[in-house]
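Student: Got a structure for you, written out below as structure tokens; questions coming shortly.
The values are calculated or read from the model by the stated rules, or taken from the named source; none is laboratory data. This structure is a prediction, so every number in the text was calculated from the model and none was measured. Backbone-built Cβ (ideal geometry, glycine too); neighbour counts: all protein chains shown.
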Amino acid sequence: MVDDVLYAAHVIAGARYGQATTCGSNIDYGSESSASRAAAMKTHEGAEVLEGYPCAFCRGWHIGRKMSEDELAESVLLAEWFQARHSDVFTWLAGGNDQGEVPELG
Ligand SMILES: [Zn+2]
């Protein structure tokens, strides 16, 4: 199981990329384990490295391109910021974006 910060990092990254890219017509695998299995299989078949991620929009699990270390590091920073202030990433996304709470990153 991904830990809380990683989980929040993926959800936050997805929210920043937008619904069409993050959710859209992507298959919902329903759970982390199913998404991880599917990502491993498709990575094995193709050139691109894929990973499962929790969706900021439908709260399901999709698979997509694995985040680069830079993207992940930035998203983890945001997730740590979020965790210090909010108990639930989805509650924060539902209200936080409208309130302009997403911090600027240097
Ligand atoms: Zn989704």
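Student: Name the single residue that is surrounded by the fewest Cβ atoms within 10 Å (Cβ to Cβ) among those in the stretch 34-59 being in contact with a strand residue (DSSP E or B) (Cβ under 9 Å, 6 or more places away or on another chain) and closer than 15 Å to residue 9 by Cα.
Tutor: Restricting to residues being in contact with a strand residue (DSSP E or B) (Cβ under 9 Å, 6 or more places away or on another chain) and closer than 15 Å to residue 9 by Cα, the top hit is 51.
Student: How many residues does the stretch 36-71 hold that are assigned to a loop (DSSP other than H, G, I, E, B) and closer than 17 Å to residue 22 by Cβ? Please lay out each step first, then the result.
Tutor: Let us first name the residues in the stretch 36-71 that are assigned to a loop (DSSP other than H, G, I, E, B), namely 46-49, 55-60, 66-68.
Filter again for closer than 17 Å to residue 22 by Cβ, leaving 48, 55-60, 66-68.
Adding up the residues that qualify gives 10.
Student: While we're looking at this one, here's another question. Name the residues in the stretch 18-33 that are more than 10 Å from the ligand (Cβ to nearest atom), assigned to a helix (DSSP H, G or I) and loosely packed, with under 14 Cβ neighbours inside 10 Å, would you?
Tutor: Scanning the stretch 18-33 gives 20, 21, 33.
Student: For residue 91, work out the one condition from (1) surrounded by 16 or more Cβ atoms within 10 Å (Cβ to Cβ); (2) part of a helix (DSSP H, G or I); (3) modelled with pLDDT under 80 it doesn't fulfil.
Tutor: For residue 91, the failing item is (1).
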